[in-house]
Amino acid sequence: MIKRISLLTFIFCCITAYSQQLPAGNPLLVHSNLPIAFNQVTVPSIVQAVDAVIKVSDARIEKITSVPAASKGGATTLMAFDELIYEIGDLSAKLQLISSTFTDDSTRNTANEAAEKLSVYSNSLYLNEALYNTMKQYASASKGKLKPNHEKFLNEVIVTFEKNGMKLNAAERKDLQALNEKLIAYSIQFDKNLAESKDSVEFSESELTGVPAITKAPWKRSNGKYMVVVNGPNYTEVMSNAESDATRHTMFLRYNNRAYPKNIQVLDSLFWYRRQFAEKLGFSSYAEYAVVDKMAKTPETVWQFEYDLQAKLTPHVTTEMNELRQLKHSLHPELPDSVFEWDLSYYRKKFLDTKYQLNTDEVKEYFEMNNTLAGMFTVYEKLFDIDIREAANVPVWYNKVKAYELYKDGKKIGNFYLDLFPRANKYTHFACFPISQYRVANGKEVVPVSALICNFPEGNAQQPSLLYHTDVVTLFHEFGHLVHSMLGRSDIASQGPFSVKGDFVEAPSQFLENWVWEYESLQLFAKHYKTGKVLPQSLFAKMKETRLVGVATNYIRQVYLGMLDFTYEDKYDSIKGTDLVQVSKDLNSMRQMPFVEGSHFIAGFTHLNGYAANYYGYLWSKVFAEDMFSVFKKNGVMDTKTGISYRKNILEKAATMEEIDMLRNFLQREPNSNAFLESLGIK
């Protein structure tokens, strides 16, 4: 997942000239290749940075719009617009990181407030008639004179203006801006509610039977009970291992009620105001507004894609669920035969153990965090001919955050951070946060900066951090986003890597998940944390054999989430007045398991906030990810020549050309869905 910066500033997040008239010494306003002084970020520095950027931006808008008509075809207008958007986007990115990771309440809250203020301002730019007219005049004066990527960028700028209100009259634009301010406020509130949601569950020794002793040791209290903090890693351990049906049910409810009921109310407002926003712009739904500039183009295309997958997966889901029901009945005939969602991880693990003799706890022992990171770096280095080095004495926002530098051809091309483990008030999911984007200023490059903000299980005195294989998949996925952010380049800085279309942006990360399923790459780093022995081929063979176990159940969930997101955003009029949870319950039937009464998972479904009407993009992107990987399967999964071709044709292109053309250049043919369907076990 990529953490979105704001409604519009995410689209254009780079610059091509040094910022001017900004206060010296503010760590949030420095644009250089020196480490960002996160240890110097304070409440006053945040407030000062936002006020300064808004003031400077006002001056830049005045300068851009006052250019004589005869001069509007020159490069100055394009570069000045790029600089304007960069400064806002750059600070927005830093504020989002601070609000999602800093431990100090006042700093974090101030960053949230500042991010809201800056987002309101940035979105108002696309309702600025003088700025719009200037860019239209520039486009007219430059017609036929621009390089292809410049023309693409300029066309997208005009579309963005027009898509967001410039075809409306002044009064209508004012109403639209008021709606947008509400959307920004509710979006920030959603993330804040989830990050600040705190809960723990007390269990007895017997209630945690099945959970490894070394896992539950840190949970034990002086009264002999176990206090389990409700977070991602603990949830996974309980759901996968606890023998008690009641324990798993309890943990499921607590985890899937985070930020309830607050975020149900927030979502209700978000969906309502998005519908009003889209309607004012002449769209029949927010989904139509959201996909008009995506690869899918129309809601009808998205629905057809989802329905087609649902039909293909449904028979396989039936088979998988029947297998789990039979296993559950054989192990616990006293329980209902129905498989509930709190049963899935537990019985799937039992299924792997009984049918395939695959012990996932044994597999974990080959994926110690530090060794896995080093091995992942090695894989990426070999594939893309890059070099990753840990950086020492770099200021960070938390003492367990690590800093790194990325090199290509001996030259540093990026800096990044890894913030891997859960803590209070931190962002609760897994995402790549862009912090500062690549740019060229006065002939000098300023390299990009990004961070992975994750919530993997943390080690303790008894045992280091050991990752389930599914965790390794997630790690490779998120690092795929990060490497994309490091490698993308354009002479128009606003065409950064994360400005590719929203239903393609996941492809470069999903593509790299495949390497955790190939022995040629795994043997480079999958080593037992005690003995150092490489993952045995016999154990890997079992892992590979089970790759498709539960795949239909997993992917029907993805279809369900995509259709749920799209139902809220494309069929709002038909569900208006219906309880939002009831909508999620009604659609759940495609998963062929009962909806868990009393659960409200949508309150913690972050994509309903950040990926509005774009969750389908995960599966849409997956089609292209698997198609690209098919080239490596043909040429060799660790073939550097193929990796460099991928780097040059996909990653380095950023958003300088249409995604379909990037794919054609790399594949040397038209893309197709054959590899994707094969990855789902569908012939």
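The values are calculated or read from the model by the stated rules, or taken from the named source; none is laboratory data. Computed from a predicted model, the values in this text were never measured in an experiment. Glycine also receives a Cβ, built like all others from the backbone with ideal geometry; neighbour counts cover every protein chain displayed. Please note that ligands, DNA and RNA were not included when accessible areas were found on the heavy atoms of the full protein model with its side chains. Shrake-Rupley method; radii C 1.70, N 1.55, O 1.52, S 1.80 Å.
From the list 135, 166, 227, which residue is within 30 Å of residue 332 (Cα to Cα) and in contact with a helix residue (DSSP H, G or I) (Cβ under 8 Å, 6 or more places away or on another chain)?
227
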- Item | Test: residue in the stretch 512-524 that is under 22 Å from the mean Cα position of the chain (by Cα) and under 25 Å from residue 245 (Cβ atoms) | no
- Message: Condition first: surrounded by fewer than 19 Cβ atoms within 10 Å (Cβ to Cβ) and closer than 13 Å to residue 174 by Cα. Now tell me which residues in the stretch 125-139 satisfy that.
- Response: 128, 129
- Note on the structure: Pairing a residue in the stretch 429-446 that is open to solvent by less than 30 Å² (accessible area, probe 1.4 Å) with any residue that is among the charged types (D, E, K, R) and assigned to a strand (DSSP E or B), where Cβ atoms lie under 6 Å and the two sit 6 or more apart in sequence or on different chains, gives 446/439
- Query: Given the conditions (1) in a loop (DSSP other than H, G, I, E, B); (2) surrounded by 21 or more Cβ atoms within 10 Å (Cβ to Cβ); (3) among the polar types (S, T, N, Q), and given that residue 509 satisfies all but one, which numbered condition is not satisfied?
  - Reply: (1)
- What residue, among those in the stretch 637-659 that are touching a residue at least 60 places away in the same chain (Cβ under 8 Å) and either of a type in the set (Ser, Thr, Tyr) or farther than 24 Å from residue 490 by Cα (or both), is most open to solvent (accessible area, probe 1.4 Å)? 640
- Message: For the stretch 367-383, which positions are open to solvent by less than 20 Å² (accessible area, probe 1.4 Å) and over 22 Å from the mean Cα position of the chain (by Cα)?
- Response: 367, 375, 383
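Kindly check whether there is at least one residue in the stretch 437-454 that is assigned to a loop (DSSP other than H, G, I, E, B) and of a type in the set (Phe, Trp, Tyr).
Just the residues of the stretch 437-454 that are assigned to a loop (DSSP other than H, G, I, E, B), to begin with: 437-438, 442-443, 447-448, 454.
Those still in the list that are of a type in the set (Phe, Trp, Tyr) too: 438.
Yes; the residues of the stretch 437-454 include at least one that is assigned to a loop (DSSP other than H, G, I, E, B) and of a type in the set (Phe, Trp, Tyr).
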- Does residue 483 count as touching a helix residue (DSSP H, G or I) at 6+ places or on another chain (Cβ under 7 Å), open to solvent by 10 Å² or more (accessible area, probe 1.4 Å) and either under 18 Å from residue 89 (Cα atoms) or part of a helix (DSSP H, G or I) (or both)? no
- Task: Only residues that are open to solvent by 30 Å² or more (accessible area, probe 1.4 Å) and either closer than 17 Å to residue 431 by Cα or β-branched (Val, Ile, Thr) (or both): list them for the stretch 458-472, please.
- Result: 470
- Mind checking which residues of the stretch 299-321 are under 23 Å from residue 547 (Cα atoms) and among the hydroxyl-bearing types (Ser, Thr, Tyr)? 314, 318, 319
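Condition check ((1) part of a loop (DSSP other than H, G, I, E, B); (2) among the β-branched types (Val, Ile, Thr); (3) out of contact with any Gly (no Cβ under 6 Å at 6 or more places or on another chain); (4) over 28 Å from residue 499 (Cβ atoms)) across all residues:
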site	(1), (2), (3), (4)
380	no, no, yes, no
397	yes, no, yes, no
400	yes, no, yes, yes
424	yes, no, yes, yes
429	yes, no, yes, no
433	no, no, yes, no
- Message: I'm trying to understand the selection: among the residues of the stretch 448-474, which are aliphatic (A, V, I, L, M), farther than 25 Å from residue 649 by Cβ and within 13 Å of the chain's Cα centre (by Cα)?
- Response: 451, 453
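Would you call residue 407 open to solvent by 30 Å² or more (accessible area, probe 1.4 Å), within 23 Å of the chain's Cα centre (by Cα), more than 25 Å from residue 252 (Cα to Cα) and not hydrophobic (A, V, I, L, M, F, W, C)? Give the derivation first.
Details: open to solvent by 30 Å² or more (accessible area, probe 1.4 Å): yes; within 23 Å of the chain's Cα centre (by Cα): no; more than 25 Å from residue 252 (Cα to Cα): yes; not hydrophobic (A, V, I, L, M, F, W, C): yes.
So residue 407 does not fit the description; no.
Here is a list: 3, 63. Which entry is among the charged types (D, E, K, R) and either at pLDDT below 55 or open to solvent by less than 20 Å² (accessible area, probe 1.4 Å) (or both)?
Values: 63 fails: either at pLDDT below 55 or open to solvent by less than 20 Å² (accessible area, probe 1.4 Å) (or both).
Sole residue among the options that is among the charged types (D, E, K, R) and either at pLDDT below 55 or open to solvent by less than 20 Å² (accessible area, probe 1.4 Å) (or both): 3.
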- Among the residues of the stretch 251-293 satisfying the criterion of being over 30 Å from residue 155 (Cβ atoms) and polar (S, T, N, Q), which is most open to solvent (accessible area, probe 1.4 Å)? 265
- Quick one: in the stretch 27-47, of everything that is small (Gly, Ala, Ser) and in a loop (DSSP other than H, G, I, E, B), which residue is modelled with the lowest pLDDT? 32
- Does the stretch 103-114 include one or more residues that are open to solvent by 20 Å² or more (accessible area, probe 1.4 Å), at pLDDT below 95 and touching a helix residue (DSSP H, G or I) at 6+ places or on another chain (Cβ under 8 Å)? no
- Top-ranked residue of the stretch 530-549 - restricted to ones that are in contact with a Lys or Arg (Cβ under 9 Å, 6 or more places away or on another chain) and over 13 Å from residue 469 (Cβ atoms), ranked as most open to solvent (accessible area, probe 1.4 Å): 533
- Would a scan of the stretch 273-287 turn up a residue that is aliphatic (A, V, I, L, M) and farther than 18 Å from residue 611 by Cα? yes
- Of 300, 320, which residue is surrounded by fewer than 20 Cβ atoms within 10 Å (Cβ to Cβ) and either in contact (Cβ under 8 Å) with a residue 12 or more places away in the chain or more than 22 Å from the chain's Cα centre (by Cα) (or both)? 300
- Task: Any residue in the stretch 25-49 that's without any contact (Cβ under 8 Å) to a residue 24 or more places away in the chain: show its pairings with residues that are surrounded by 15 or more Cβ atoms within 10 Å (Cβ to Cβ) and of a type in the set (Gly, Ala, Ser) at Cβ separation under 7 Å, as long as the two are six or more apart or on different chains.
- Result: 27/37; 27/45
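Identify, please: which residue in the stretch 189-216 is among the hydroxyl-bearing types (Ser, Thr, Tyr) and in a helix (DSSP H, G or I) and is, among those, surrounded by the fewest Cβ atoms within 10 Å (Cβ to Cβ)? Full working, then the answer.
We begin by selecting, within the stretch 189-216, every residue among the hydroxyl-bearing types (Ser, Thr, Tyr); these are 197, 200, 204, 206, 209, 215.
Adding the requirement that they be in a helix (DSSP H, G or I) leaves 206, 215.
Details: 206: 9, 215: 20.
Selected residue: 206.
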- Query: What is the number of the single condition among (1) open to solvent by less than 60 Å² (accessible area, probe 1.4 Å); (2) more than 22 Å from residue 421 (Cβ to Cβ); (3) in a loop (DSSP other than H, G, I, E, B); (4) not aromatic (Phe, Trp, Tyr) that residue 248 does not meet?
  - Reply: (3)
- Item | The one condition in (1) buried (at least 17 other Cβ atoms within 10 Å of the Cβ); (2) within 30 Å of residue 345 (Cβ to Cβ); (3) not basic (Lys, Arg) that residue 186 fails to fulfil | (2)
- Please state which one of 399, 393, 455 is open to solvent by less than 30 Å² (accessible area, probe 1.4 Å) and polar (S, T, N, Q). 455
- For residues that are open to solvent by less than 20 Å² (accessible area, probe 1.4 Å) and touching a strand residue (DSSP E or B) at 6+ places or on another chain (Cβ under 9 Å), tally how many sit in the stretch 587-610. 1
